[in-house]
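Notes to accompany the following structure.
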Amino acid sequence: MYDRVNLTIYVEEPKRLRQRLPPLDETHSAERGTFAYAGYVCGLRLSLHGHNLRVRGSLPGFIGAGFPPATVATVARQRLEEMLGMDMGAARVSRLEVYADLPLAHPPAAYLPSYLALSRHEPSRYPGKSVTFVTAKRTAILYDRFVKTGRDVDRGIARFEVRHMKGGVPLLFGRVTTLADLALPAFRRTAADEWERQYHAIEKARALAPLAETKDYARWHLLHGYIARGLDTVLDEIYGFRVSGTLGKSQTAEMRRSVLALVNDPRLTAPCPLLAEADALIRESADRMRA
């Protein structure tokens, strides 16, 4: 459930903490002139500057795989406290990533082009590898695990991840959030609910209905052309017009709305069976997070 976090905490006795930390490898100590300590310990990036300690990294990577979602934050806190010799419950969370791996029946490349757009998010695609929707405070990304890790065991597994960036964590939980908060059921459920909501908020492709079942031939043929071109490609081209300044924001927004209106017209399209599988896996994953 929880993956990467950024934590910040005030340290009463920085010299004592520095003595507990292992010596730095030269490859990890380029910032020693600025920080009292800056390096990797057990997969986490630690930076001690004055009385401020920053911890960045993956909680599952730190504690190991196999822990139920409900215990990840608790176990991570316990191990951090054992390593650092101080209470870490008050560490403020400035970045939080929530994820689940989806064991799909087909390679993720078959699914990725069907994820089209997310309102108020900028799209970014690596064909066959990932699709990303970005704002300053939040990113939603669906990607092929095998492409990232190169391990055969990951073939057919996609990861859907929502990253709450700086300013996004208080927006998610409604207040400043600590590591201790992440272990609370209410916070875990809120994170899981938002993760699932972001997935379902993504505009997705639908299957084109048979021509004989519609009377709106002109719009059917228009949508057929978009699908032949690739709906993801069409929407990315529209976004490119805005980025390049070829068309204004209002013009490209109207073009985008017109394409999505065709896609979501029940007289022209029907739900895509391929995505129904992914949708079900998302629901199951969210339920496990909330359990």
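The values are calculated or read from the model by the stated rules, or taken from the named source; none is laboratory data. Since the structure is predicted, the reported quantities are computational estimates derived from the model, not experimental observations. For neighbour counting, all protein chains shown are included, and Cβ atoms are generated from backbone atoms with ideal geometry for every residue, glycine included.
When we screen 70, 117, 38 for residues that are among the hydrophobic types (A, V, I, L, M, F, W, C) and within 25 Å of residue 287 (Cβ to Cβ), the only hit is 70.
Just need a number here: residues in region 99-147 that are closer than 21 Å to residue 61 by Cα and among the polar types (S, T, N, Q). Even if it seems obvious, please write down each step before you answer.
The initial filter retains those residues of region 99-147 that are closer than 21 Å to residue 61 by Cα, namely 99-103, 139-147.
Still in the running and among the polar types (S, T, N, Q): 139.
Total satisfying the criteria: 1.
Look at (1) of a type outside the set (Asp, Glu); (2) touching a Gly at 6+ places or on another chain (Cβ under 6 Å); (3) within 26 Å of residue 286 (Cβ to Cβ); (4) part of a strand (DSSP E or B) and you find that residue 45 fails only one, number (3). Pairs are defined by a Cβ separation below 6 Å, a sequence spacing of at least 6 or placement on different chains, a first member in region 136-153 that is assigned to a helix (DSSP H, G or I), and a second member that is at pLDDT 95 or above; the pairs so defined are 145/159. Looking only at residues in region 64-83 that are among the aliphatic types (A, V, I, L, M), more than 11 Å from residue 2 (Cβ to Cβ) and assigned to a helix (DSSP H, G or I), the one that is nearest to the chain's Cα centre (by Cα) is 80. For region 234-269, the tally of residues that are touching a residue at least 40 places away in the same chain (Cβ under 8 Å), under 16 Å from residue 116 (Cβ atoms) and not aromatic (Phe, Trp, Tyr) stands at 10.
Table: residues versus (1) surrounded by 14 or more Cβ atoms within 10 Å (Cβ to Cβ); (2) in the same structural domain as residue 262 (by TED's automatic domain parsing); (3) in a strand (DSSP E or B).
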| position | (1), (2), (3) |
| --- | --- |
| 158 | yes, no, yes |
| 176 | no, no, no |
| 190 | yes, no, no |
| 219 | yes, yes, no |
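Could you say whether any residue in region 270-280 is small (Gly, Ala, Ser) and not in a helix (DSSP H, G or I)? Within region 270-280, one or more residues are small (Gly, Ala, Ser) and not in a helix (DSSP H, G or I).
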